[in-house]
Amino acid sequence: MAKKIVAVTACAAGIAHTYMAAEAIEKAAKEMGYEVKVETDGAMGAENKLTDEDIENADLAIIAADIKIDPIRFTGKKLLIASSNDAINDGKALIEKAEKEATVFGKKGSKVGKIQIGNNKEKTTFFTHVMSGISYMIPMVIAAGLILTIANLYAFQKDDLGRIVKWGFDTKTSMGMLMSNLFQVGQVGFKLMIPLFAGFVAMSIADKPAMAPAMIGAYIANDAELLHAKAGGGFIAALLVAFIVGYFVKLLKKIKWPKIFQPIVPIMIIPVIATLFISLVVFYVIGQPIAAGMDALYSWLNWVNSHSSSAPIILGAIIGAMMGFDLGGPVNKTALIFGTAVFTDTMAKYGPMHANFVPQTASQAAISVAPLGVWLATIIWKKKFSKDEKTAASAALGMGLVGVTEGAIPFVAADPIRMIIANVAGSAVAGGLVAATGCKFYGGIGSPLGTFIGYIEQPIPFITWILCVSAGIAVTALIIGLTRSDAVIEAAKNVEE
Amino acid sequence: MDKEIFNIENIFYDQTSTTQDEAFKSIGQFVAEKGYSNSADDFYKGLKAREVESTTGFKDGIAIPHSNDDSVIKPGLFLIKFSNGIEWNALDKKPIKVAFVLSIPKNGSTEHLKLLSKIARKLMDDEFRTSILENDDKNILSDAIDQI
């Protein structure tokens, strides 16, 4: 089979030398027995465009241009960069030079012609890796989240007084059974999405060998039972696992393994070592602090609770902030468990008149702030979000309305620091306000809709709750919109392409 | 070839220029006279600016100077034959005897730009170059270009 050359030509005006160079390379290549395809990036745009397949099948690549042509698509190919006149002057000599001197393009920091490789890429690595993981996670969040949403809506039942305070599935009826099953389906999705995310982030960093260790590590890090904690580590632990595995595997790849082992290095040696390594790290370095931290946090909340009875806004804001911090992770779970525990405990001891509603009410007010805040931000700042992100945001809207906080996870994972600040601030506002106004949440959906689908005692019926929660949502959306970084936007768009 | 872009009137025998600068000046004059540019001086500057980036001198005494400056009104091709060989820093260092000049409008139609790019490709054809170099009859030259 004939060897194949691909080339790109370009010049300043895009009319003369672009085409002369293309003609020169085509002629010379044919004379020399090559199969050839030349893309002209001229004044009429790219013509005879090289496809991924063309490049994949090429033995040799040449860029003959007087303006900067991004060589990134030739990564992994033998590439020679020259000027258009080099081709025009003597196409045959240029191809011969490429045969001898072309170097494989893509080593970071290496130089080909005048172009330095890896400048811009380097800056966006963190976001690029995370975005790649998120692009795989989004469909699962949406599928699981929306199914969970449907089941969740069905789970609220009226009590004898017609108040919607009971939550649960009546599995004796076939509908109840179905909804209970659907609820489980959603839960499975949420459980799987954490290792899925970690796996693809790690794969983006260090390719296939990193995937298995990252998925196993993230699963353990998110499993309460395995960690002997009250809750798993959530997506923050998954992010940690993914990066540890990614860079650990990269390190392992650098080792000069004996030749006889080399074929099994990527499929056996690295995955086994890395899985063992990350499992130990998760159990002893990540897991124990999570369990211990949750216990400490719980005791601290008890202390705050007993010292803040005169200023419920403080406890409310703290609970709210915790809810928004890791969206279903350990901090969020601690706040949620604390709220329910204090409520059932004081309710049993002192009855509805004197029970402590503050933590539960605050946690329920805060639960929908992150997903709804994200959604609102994508509506107001349309240009700052990619297409996939907007789709994920409409799903977050659905989830947020029924109090499923996980809808915001893809956005937070993409840009943890800014997004956590935004979510914590908004959730704290919502939690603080409902506590300050004395709302009492008996049961129902933790979202603005809770005022209708649920039972909440509040100063102004229906309105107070909605206003408090909406204020939190607005704060979150505002911070997201104003702090959104270009690097994240770019990474999101690149991953889509 | 599209008559709007090239016709026999676009051939010019430059008998006086001896340097590239003089040649560019007379080309600017000619292109403006024919109504393809509204400023001989701007077109001249455009040619010079292009030349600074890299030589447009090709080989066997042929050059393809061009400009896409703002004065260009429409796409055009001009054939200039010099009586004196002109130093052009060409790829083969030979003095230039023939210039194919292109006027390129900033927002020209794809169709017209394509025609101009065809000329560029045709220059790589040895036979075409020989016929342009060896003939001085405007009709023969014009026919050769029309066949592109």
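The values are calculated or read from the model by the stated rules, or taken from the named source; none is laboratory data. Being a predicted model, the structure only gives us computed values, none of them experimental. Here Cβ is always computed from backbone atoms with ideal geometry, including for glycine, and neighbour counts include all displayed protein chains. To get the accessible areas, we keep the full protein, side chains included, count just its heavy atoms, and leave off ligands, DNA and RNA. Shrake-Rupley method; radii C 1.70, N 1.55, O 1.52, S 1.80 Å.
One residue is enough: does region A:433-442 have a residue meeting the conditions of a type in the set (Gly, Ala, Ser), outside any helix (DSSP H, G or I) and surrounded by fewer than 20 Cβ atoms within 10 Å (Cβ to Cβ)?
Residues of region A:433-442 of a type in the set (Gly, Ala, Ser): A:435-436, A:438.
Remaining after also requiring outside any helix (DSSP H, G or I): A:438.
Narrowing further to those that are surrounded by fewer than 20 Cβ atoms within 10 Å (Cβ to Cβ): A:438.
Within region A:433-442, one or more residues are of a type in the set (Gly, Ala, Ser), outside any helix (DSSP H, G or I) and surrounded by fewer than 20 Cβ atoms within 10 Å (Cβ to Cβ).
Take residues that are open to solvent by 70 Å² or more (accessible area, probe 1.4 Å) and charged (D, E, K, R) and tell me which of the helices (runs of 4 or more DSSP H) falling wholly in region A:189-278 contain 2 or more.
The helices (runs of 4 or more DSSP H) meeting that bar are A:234-254.
Checking the condition more than 14 Å from chain B (Cβ to nearest Cβ), at pLDDT below 85 and within 20 Å of residue A:492 (Cβ to Cβ), which residue from A:123, A:111 passes?
A:123
Within the group B:83, B:142, B:71, which residue is within 20 Å of residue B:9 (Cα to Cα) and either buried (at least 16 other Cβ atoms within 10 Å of the Cβ) or touching a helix residue (DSSP H, G or I) at 6+ places or on another chain (Cβ under 6 Å) (or both)?
The match here is B:142.
Return a yes/no flag: does region A:168-177 have any residue that is at pLDDT below 95, buried (at least 16 other Cβ atoms within 10 Å of the Cβ) and of a type in the set (Ser, Thr, Tyr).
The answer is no, given that none of the residues of region A:168-177 is at pLDDT below 95, buried (at least 16 other Cβ atoms within 10 Å of the Cβ) and of a type in the set (Ser, Thr, Tyr).
Here is a list of conditions, (1) open to solvent by 20 Å² or more (accessible area, probe 1.4 Å); (2) of a type in the set (A, V, I, L, M, F, W, C); (3) in contact with a Lys or Arg (Cβ under 9 Å, 6 or more places away or on another chain); (4) free of Cβ contacts under 8 Å to residues at least 40 places away in the same chain, and residue A:303 meets all of them except one; can you say which number that is?
Status for residue A:303: all satisfied but (3).
On the basis of being outside any helix (DSSP H, G or I) and more than 14 Å from every other protein chain (Cβ to nearest Cβ), does residue B:80 make the cut?
Yes.
This table checks each residue for (1) open to solvent by 10 Å² or more (accessible area, probe 1.4 Å); (2) assigned to a helix (DSSP H, G or I); (3) touching a residue at least 60 places away in the same chain (Cβ under 8 Å).
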site	(1), (2), (3)
B:90	no, no, no
B:94	yes, no, no
B:99	no, no, yes
B:102	no, no, no
B:108	yes, no, no
B:115	yes, yes, yes
B:119	no, yes, no
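Before we move on, is residue A:61 open to solvent by less than 10 Å² (accessible area, probe 1.4 Å) and either of a type in the set (Asp, Glu) or away from every other protein chain (no Cβ under 14 Å) (or both)?
Here the answer is yes, as residue A:61 does meet what is asked.
Considering region A:203-237 alone, what residues qualify as being acidic (Asp, Glu) and at pLDDT below 90?
A:207, A:225
Which pairs have Cβ atoms under 7 Å, sit 6 or more apart or on different chains, and link a residue in region A:276-290 that is among the small types (Gly, Ala, Ser) to one that is open to solvent by 70 Å² or more (accessible area, probe 1.4 Å) and assigned to a helix (DSSP H, G or I)?
Pairs found: A:279/A:216.
Please work out if residue A:54 is among the charged types (D, E, K, R) and within 12 Å of chain B (Cβ to nearest Cβ).
No; evaluated as a whole, the condition is false for this residue.
Go through A:30, A:68, A:37 for me and flag whichever is more than 11 Å from every other protein chain (Cβ to nearest Cβ), charged (D, E, K, R), open to solvent by 20 Å² or more (accessible area, probe 1.4 Å) and touching an Asp or Glu at 6+ places or on another chain (Cβ under 8 Å).
A:37
Table: residues versus (1) modelled with pLDDT under 90; (2) of a type in the set (A, V, I, L, M).
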{"site": "A:307", "(1), (2)": "yes, no"}
{"site": "A:310", "(1), (2)": "yes, no"}
{"site": "A:316", "(1), (2)": "no, no"}
{"site": "A:321", "(1), (2)": "no, yes"}
{"site": "A:324", "(1), (2)": "no, no"}
{"site": "A:327", "(1), (2)": "yes, yes"}
{"site": "A:330", "(1), (2)": "yes, no"}
{"site": "A:336", "(1), (2)": "yes, yes"}
{"site": "A:349", "(1), (2)": "yes, no"}
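With the condition kept exactly as written, say whether any residue in region B:8-26 is within 14 Å of chain A (Cβ to nearest Cβ) and either in a strand (DSSP E or B) or closer than 28 Å to residue A:27 by Cα (or both).
no
Those residues that are touching a residue at least 40 places away in the same chain (Cβ under 8 Å) and open to solvent by less than 60 Å² (accessible area, probe 1.4 Å), I need them from region B:27-46; list them, please.
Here is the first cut: in region B:27-46, the residues touching a residue at least 40 places away in the same chain (Cβ under 8 Å) are B:27, B:30-31, B:34, B:36-37, B:43.
Those that are touching a residue at least 40 places away in the same chain (Cβ under 8 Å) and open to solvent by less than 60 Å² (accessible area, probe 1.4 Å): B:27, B:30, B:31, B:36, B:37, B:43.
Only one of these conditions is not met by residue A:5: (1) open to solvent by 10 Å² or more (accessible area, probe 1.4 Å); (2) over 28 Å from residue B:106 (Cα atoms); (3) more than 14 Å from every other protein chain (Cβ to nearest Cβ). Which number is it?
With (1) open to solvent by 10 Å² or more (accessible area, probe 1.4 Å); (2) over 28 Å from residue B:106 (Cα atoms); (3) more than 14 Å from every other protein chain (Cβ to nearest Cβ) applied to residue A:5, the lone miss is (1).
Name the residues in region A:6-30 that are polar (S, T, N, Q) and part of a helix (DSSP H, G or I), would you? Spell out how you get there, then give the answer.
Narrowing region A:6-30 to residues polar (S, T, N, Q): A:9, A:18.
Selection gives A:18 alone.
Looking at (1) in contact with a helix residue (DSSP H, G or I) (Cβ under 9 Å, 6 or more places away or on another chain); (2) of a type in the set (A, V, I, L, M, F, W, C); (3) modelled with pLDDT under 90; (4) open to solvent by 50 Å² or more (accessible area, probe 1.4 Å), can you tell me which one residue A:291 breaks?
(4)
Scan region A:60-84 and report the pairs whose first residue is acidic (Asp, Glu) and whose second residue is in a loop (DSSP other than H, G, I, E, B), with Cβ atoms within less than 6 Å and a gap of 6+ or a chain change.
A:66/A:11; A:66/A:12; A:66/A:83; A:66/B:54
When you look at residue B:43, is it of a type outside the set (Lys, Arg) and assigned to a strand (DSSP E or B), yes or no?
It is false that residue B:43 is of a type outside the set (Lys, Arg) and assigned to a strand (DSSP E or B).
Filtering region B:56-68 down to residues that are facing chain A (nearest Cβ under 10 Å) and open to solvent by 20 Å² or more (accessible area, probe 1.4 Å), which residue is modelled with the highest pLDDT?
The selected residue is B:68.
Please go through region B:5-25 and give me each residue that is under 21 Å from residue B:94 (Cα atoms) and open to solvent by less than 30 Å² (accessible area, probe 1.4 Å), ordered by number.
Selection gives B:14, B:17, B:23, B:24.
Against the conditions (1) more than 8 Å from chain B (Cβ to nearest Cβ); (2) open to solvent by 10 Å² or more (accessible area, probe 1.4 Å), where does residue A:42 fall short? Just the number, please.
That leaves (1) as the condition not met.
Sort out which residues of region A:71-94 are more than 14 Å from chain B (Cβ to nearest Cβ) and outside any strand (DSSP E or B), and write them in order of number.
A:71, A:72, A:73, A:74, A:75, A:76, A:77
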